[in-house]
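A.B. asks: Can you keep this structure in mind? I'll have questions shortly.
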Amino acid sequence: MNHTLSTDRRQRAVAIWLLTGVAMIIVQILLGGITRLTGSGLSITEWKPIMGAIPPLNEHDWQAAFDKYQQIAQYRYLNAHFTLNDFKHIFFWEWFHREWARMGLAMVFIVGFVFFLVKGYFNKKMIAPFVVLFILGGLQGAVGWIMVQSGLNDTDLYVSHIRLAVHFLSALVLLCYTLWFALKLLIPESDQVQHVRLRNLTIALIVLLGIQLAYGAFMAGLKAASAAPTWPTINGVWIPQQVHQLGNRSFTGIDAWVSNPIAVHFIHRTLAYCLVVLVISWSFLMGSATSPRLLRWRWWPSLLVCVQVLLGIFTVLHGAQTAPAGHFGSFEFLAQAHQLVAMFLLVSLVANLYLLWPASRNT
């Protein structure tokens, strides 16, 4: 009995460590959002996973970093007015974003892993999940650099919105995987229920939310909120007509639906309305579940999706009030709150899905 209790305590300690990692991943994603909103993402033009932890320490080093930034299109066509002090401001957010991943997340996971390994808190079932966890963490850094590279040239003012979406979604995969791992150690199997219909419905909702989050990243990368800062219509119309044309730019095929800011805006709004209806309906359907924990958790997604839509509306209405590069205003604050609640919504659905996924009775 004492051995079992000791095992439970060890698993709980590991779970709390993993949940700390979940919170830190959320902060990391928010820092990525701040980096994007302040126009800081291209300020560091080199990829130095180790040596990059040290920022410029003197005026000569700062000037050298600024000189490299001056070679790309973003500086030449957008920020040519920048002084060295302006550059230092945007440099900070990109550096801090990388530093949080490098010295924050990486060190917490590595130090924690070594500590629990030495203490003998791990069992054989934890080995494979930890291998996957560290691989996902490493890949996230690589995907981030691939994204940054798309903006380090003579023509593009920003990073590719497609690569931005991949970077964002890969971070969310890491977030959800870490959460799932923690829940396996923290939630007793007696709290899980076997309900295939509800489980499949929850999976479908998460997939739809994933598509919505990808379009949220497209919105961010294309500055689509400022392209239509109106509600409930989109610049006076309910359904955009010319999705293959925007100003002098033409879009063909699927590109019209993933690269035209107005079309992306329309899809993002429409998916939001659909999610409100579906998530609230899902919460009512979950009333047929028999787990007390599931009955308590089922309303969180409904609450969060309503808050999310309201934040989205206010963000759009402030879309014409974007702050200059390096600054943070009402639009940027609302956009960050919108992103944070989106992550909470995803986490709440994944947690509910876990309760519908009993390992010993999985079908």
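A.B. asks: Residue by residue, what Karplus-based ³J(HN,Hα) values in Hz, rounded to whole numbers, does the stretch 305-314 have, using 6.51, -1.76 and 1.60 with θ = phi - 60° and x for Gly and Pro?
C.D. replies: Values per residue, Gly and Pro as x: 5, 5, 4, 4, 5, 4, 5, x, 4, 5 Hz.
A.B. asks: Lysine pairs in the chain 8 or more apart or on different chains: how many have alpha carbons under 25 angstrom apart? All intermediate terms of the calculation are to be shown ahead of the outcome.
C.D. replies: Numbers: K48/K68; K48/K88; K68/K88; K88/K223; K119/K184; K124/K184; K125/K184.
Value for the chain: 7.
A.B. asks: Return the calculated 222 nm mean residue ellipticity for the chain, to the nearest 500 deg cm²/dmol, obtained by summing -39500 (n - 2.57) across DSSP H runs with n ≥ 4 and dividing by the residue count. Intermediate results must be reported in sequence, preceding the final value.
C.D. replies: Numbers: 14 runs with 242 residues, N = 363.
Mean residue ellipticity at 222 nm (helix-derived): -22500 deg cm²/dmol.
A.B. asks: Local charge sum around R102 (other residues, Cβ-Cβ under 13 Å, Lys/Arg +1, Asp/Glu -1)?
C.D. replies: Working: positive: K48, R98; negative: E94, E99.
Local net charge: 0.
A.B. asks: Compute the distance in nm between two label points, each set 7 Å from the Cα along the Cα-to-Cβ direction, one at Q70 and one at I239.
C.D. replies: Placing both labels 7 Å along Cα→Cβ, they lie 5.3 nm apart.
A.B. asks: To continue, here is another question. Quick one: compute the contact order of the stretch 112-191, relative version, from alpha carbon pairs under 8 angstrom and 6+ residues apart, as a percent.
C.D. replies: Details: 31 pairs, mean separation 20.0, N = 80.
Relative contact order of the stretch 112-191: 25 percent.
A.B. asks: Could I ask something else about it? Quick one: V193, V173, fewest Cβ neighbours within 10 Å first, how do they rank? Mind showing how you got there, number by number?
C.D. replies: Details: V193 18, V173 14.
Placing the least packed residue first, the sequence is V173, V193.
A.B. asks: Moving on. Using alpha-carbon pairs under 8 Å, 6+ residues apart, how would you state the relative contact order of the chain in percent? Don't jump to the answer; show the numbers that get you there.
C.D. replies: Details: 413 pairs, mean separation 81.0, N = 363.
Once normalised by length, the contact order is 22 percent.
A.B. asks: What's the FRET efficiency of L208 with T155 using the Cβ-Cβ distance as r and R₀ = 41 Å, to the nearest 0.05? Before the final figure, lay out each step's value.
C.D. replies: Numbers: r = 35 Å, r/R0 = 0.85.
After rounding, the FRET efficiency stands at 0.75.
A.B. asks: Between A320 and M107, what length comes free when the chain is fully extended (0.36 nm per residue of separation minus the Cα-Cα distance, one decimal in nm)? Spell out each step's value before the answer.
C.D. replies: Values: separation 213, 0.36 × 213 = 76.68 nm, distance 3.99 nm.
Contour length minus the Cα-Cα distance gives 72.7 nm.
A.B. asks: How much length is gained on full extension from S281 to E59, taking 0.36 nm per residue of separation minus their Cα-Cα distance? Intermediate values should be presented prior to the final figure.
C.D. replies: Numbers: separation 222, 0.36 × 222 = 79.92 nm, distance 5.90 nm.
Going from the current span to full extension adds 74.0 nm.
Here, each number is a calculation from the coordinates, and none is a lab measurement. Since this is a predicted model, take the numbers as computed values, not measurements. Virtual Cβ from ideal backbone geometry, glycine too; neighbours counted across all protein chains shown.
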